[in-house]
Amino acid sequence: MLPFMLAALGLVWFAYNSGLEFAGFHRGEIQQELSGLHARLAVLTEQNTQLGRKVAQFEQQIQIEQGRSQEMARQMKSLNDDNARLQEDLNFFQNLTAENGKEGELAIHRMSLLRDKIPGEYRVRMLLVQSGQRVKEFTGSYQLVATVVQNGRKMTQLFPSDESGHDQFLLNFKYYKRLEQSLRFPADVQLQNIQVRLFEHGVREPRVRQSVDLS
């Protein structure tokens, strides 16, 4: 019985393979085709990886170029601002020399009070000028008096608040001096205006007072 069954299975397997070959299906060719497809897939995968790396490099290069362009634009704006400020200074000093001011007269020009980039911080700018051709060197200091509102109550605050910060408020110039001072207040304090007081060395009363409101 067993030999008969084995013979029958052999005939079935022979008939199956013969049918596949008759239909054009060759196992060796299929294996070869599959191997070729795997090799092609590996090549395409490697090419895709390389293209991904190139794309990443191009994106990085674009970001670098964009950063350079933005930096150049910032530098150009800064140069334009400096040029405009220098031109404004030139016009101001030309007009100042044409005026017949009192010899040795001390004055504050172009005073401004602006909010800084950080909340609670402000910046005071001004130009101190002594009129005349034979003026003496001015030696003294300046003081800032801030009018603020805190919890609905108006009060004043002095800068410098103590002797430890007095040095940065000292003055020593002859014809003109540009000043710029940063101020910081708590978040719950609202700044309204600043008064500048100029003191000559050894004199208790301010020689000049001038106020400016917050822009």
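Look at segment 191-215: where a residue is in contact (Cβ under 8 Å) with a residue 60 or more places away in the chain and a partner is assigned to a strand (DSSP E or B) and charged (D, E, K, R), sitting 6+ places away or on another chain with Cβ atoms under 7 Å, you get Asn193/Asp213; Pro206/Arg197; Arg207/Glu200. Scanning segment 143-184 for residues that are within 19 Å of Arg125 (Cα to Cα) and among the charged types (D, E, K, R) turns up Asp167, Lys174, Lys177, Arg178, Glu180, Arg184.
For segment 161-176, what are the residues that are modelled with pLDDT under 90 and not small (Gly, Ala, Ser)?
Result: Asp162, Glu163, His166, Asp167, Gln168, Lys174, Tyr175, Tyr176.
Let's see how each residue does on (1) more than 31 Å from the chain's Cα centre (by Cα); (2) part of a loop (DSSP other than H, G, I, E, B); (3) surrounded by 11 or more Cβ atoms within 10 Å (Cβ to Cβ):
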site	(1), (2), (3)
Gln181	no, no, yes
Ala187	no, yes, no
Arg204	yes, yes, no
Val212	no, no, yes
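In summary, Ser69 fulfils each of the numbered conditions (1) of a type in the set (Ser, Thr, Tyr); (2) more than 31 Å from the chain's Cα centre (by Cα); (3) at pLDDT below 90 with the single exception of condition (2).
The values are calculated or read from the model by the stated rules, or taken from the named source; none is laboratory data. Worth saying up front: this structure is predicted, and the values here are computed from it rather than measured. Positions of Cβ are generated from backbone atoms using ideal geometry, with glycine treated the same way; all protein chains shown enter the neighbour counts.
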